[in-house]
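To start, the structure itself, in structure tokens.
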Amino acid sequence: MNKQKKCAYCKTPFQPFNSLQKSCYSSECIIAFNAEQADKKWQKRKKAIKEKIKPLSKYKAELQDIINPIVHHLDFEHPCISCGGNATEAGHYYSRGAHSNLAYNLNNIFMQCHKCNNYNGANIVGYDDGLIEVFGVEFFSYIKFDIRKEFKHIALTKELIEEKKPIARQVLKEVSGIQSKLTNIERLQLREY
């Protein structure tokens, strides 16, 4: 025989039929219990439906939200690659829209100030000069001419992005311990994940 319980709804003691029973035998409590169960099922179903109809752009944004902090950690305390100002945002050399194959490539993303990243068209001339000054002509040439050949256009699917998110989270976990300014060589080496 099961121990007496308090009804989850009316709080009166009752003798349950089994140990999982939450409500007493009153019709109001049974209706409340059934409504709660129906709501739980609906919430679960709603979540599955939302996931199913979630657009590709949301998946891309979720991955970008993991990638940007990686760049923040790698470029910690370094100035804007384009103008030398206060770097606050992850700025792409090749835009995410036109070059989705490079949107998550860490060699395509360096810290920029808000003005360069948003209003000056990424300040690409300054970006070029910054890459040459900070990392040298060889790295600049790789970014300017070879990276697009190496990473040809790929069709990003929801499944591919979902597959990459745990990898990006692991990289973020590894670099999040960085609390000091990295050398330029270290910044490039750590971008090779």
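For this structure, a couple of remarks:
- At an R0 of 41 angstrom, the distance between the Cβ atoms of V125 and K52 translates into a FRET efficiency of 0.40.
- Think of the chain as having a plus end and a minus end, set by charges on the Cβ of Lys, Arg, Asp and Glu; of I109, P13, Y94, P13 sits farthest toward the positive end of this dipole.
- The 3J(HN,Hα) values that the Karplus relation (6.51, -1.76, 1.60; θ = phi - 60°) gives for segment 132-142 are, in residue order, 5, 5, 7, 10, x, 5, 4, 5, 4, 4, 4 Hz. Gly and Pro appear as x.
- A viscosity of 0.692 mPa s and a temperature of 37 °C, combined with the Kirkwood radius over Cα pairs in Stokes-Einstein, give a translational diffusion coefficient for segment 114-183 of 215 µm²/s.
- Within the same chain, lysines fewer than 8 places from K52 are excluded, and of the rest, those with a Cα less than 29 Å from its Cα are K40, K41, K44, K60, K152, K158, K164, K165, K173.
- Ellipsoid fit via the Cα gyration tensor, segment 94-149: semi-axes of 17, 16, 9 Å, each the root of five times an eigenvalue, largest first.
- Taking all protein chains into account, the per residue accessible area for the chain stands at 63 Å² (1.4 Å probe).
- For F110, residues with placed amide H under 5 Å, excluding near neighbours: G91, Y93
- Column: log10 I(q)/I(0), Debye, Cα scatterers of segment 25-104, q = 0.11, 0.23 Å⁻¹: -0.55, -1.08
- Loop-located chymotrypsin sites (Phe, Trp or Tyr not before Pro) across segment 86-190 with a Cβ neighbour count of 16 or fewer within 10 Å are Y119, F151, with loop assigned by DSSP.
- Listed residues E186, E192 arranged by accessible area, highest first, probe 1.4 Å: E192, E186
The values are calculated or read from the model by the stated rules, or taken from the named source; none is laboratory data. Here the structure is a predicted model, which means the values were calculated and not measured. As a convention, Cβ positions derive from the backbone with ideal geometry for all residues, glycine included, and neighbour counts pool all protein chains shown. The accessibility values were calculated without ligands, DNA or RNA, using every heavy atom of the protein model including side chains. Shrake-Rupley method; radii C 1.70, N 1.55, O 1.52, S 1.80 Å.
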